[in-house]
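Scroll down for the structure; my scribbles are underneath it.
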Amino acid sequence: MKTLLGAGSSPRLPSCPLRLLQPSKAPVSLPRCQGDSRNETSGGKSDLSIGSPVVVVEAPPTLKTATAMSSLRINTGLVKQGDVGRIIARKPKDVWAVRLAIGTYLIDGKYFKPLNVDE
């Protein structure tokens with residue numbers, strides 16, 4: 001294989017001067033992601049985790065499928081009050097992926113509550 005450099009020559013460095021950036025002395029504030037105390041006291045949402053059983057308390061007006069290519073559709077009686085499902089994943093803004101008998105949907109936390117199976 002031919003080399004572009006001659007025998008014994010070294011690669012050329014750029015002729016422009018390089019400036020090193022000095023670290024800033026200004027204080028930096030970073031936001032903290034902490035749990036909202038309102039969510040923990042209202043509705044028992046702190047009890048939710050992956051695999052938790054849940055019951056729908058109000059039928060959501062729209063449904064979004066939890067697939068790679070999700071679709072948004074009007075709830076025409078697919079998910080009803082009293083349907084039982086299981087938490088599959090947590091999404092941002094109190095949205096949960098819930099597996100129901102008819103499929104897996106992204107449902108806002110205000111439409112369901114943890115199912116108590118104390119018998």
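Any read-out appearing in this document is the output of simple, stated calculations on the displayed coordinates, not a laboratory observation. For clarity, every value in this text was computed on a predicted model and none was experimentally measured. A quick note on method: Cβ atoms are made from the backbone with ideal geometry, for glycine too, and the neighbour counts reach across all protein chains shown.
Pairs meeting the criteria (first residue in region 61-85 and in contact (Cβ under 8 Å) with a residue 12 or more places away in the chain and part of a loop (DSSP other than H, G, I, E, B), second residue basic (Lys, Arg) and surrounded by 11 or more Cβ atoms within 10 Å (Cβ to Cβ), beta carbons under 9 Å, at least 6 apart or on different chains) are Ala66/Lys91; Ala66/Arg99; Ser70/Lys64. What number of residues within region 90-119 satisfy the criterion of being touching a strand residue (DSSP E or B) at 6+ places or on another chain (Cβ under 7 Å) and in a loop (DSSP other than H, G, I, E, B)? Summing the residues that are touching a strand residue (DSSP E or B) at 6+ places or on another chain (Cβ under 7 Å) and in a loop (DSSP other than H, G, I, E, B) in region 90-119 gives 3. Residues in region 66-89 that are charged (D, E, K, R), exposed (fewer than 15 other Cβ atoms within 10 Å of the Cβ) and either in contact with a strand residue (DSSP E or B) (Cβ under 6 Å, 6 or more places away or on another chain) or on the phi > 0 side of the Ramachandran plot (or both): Arg73 alone.
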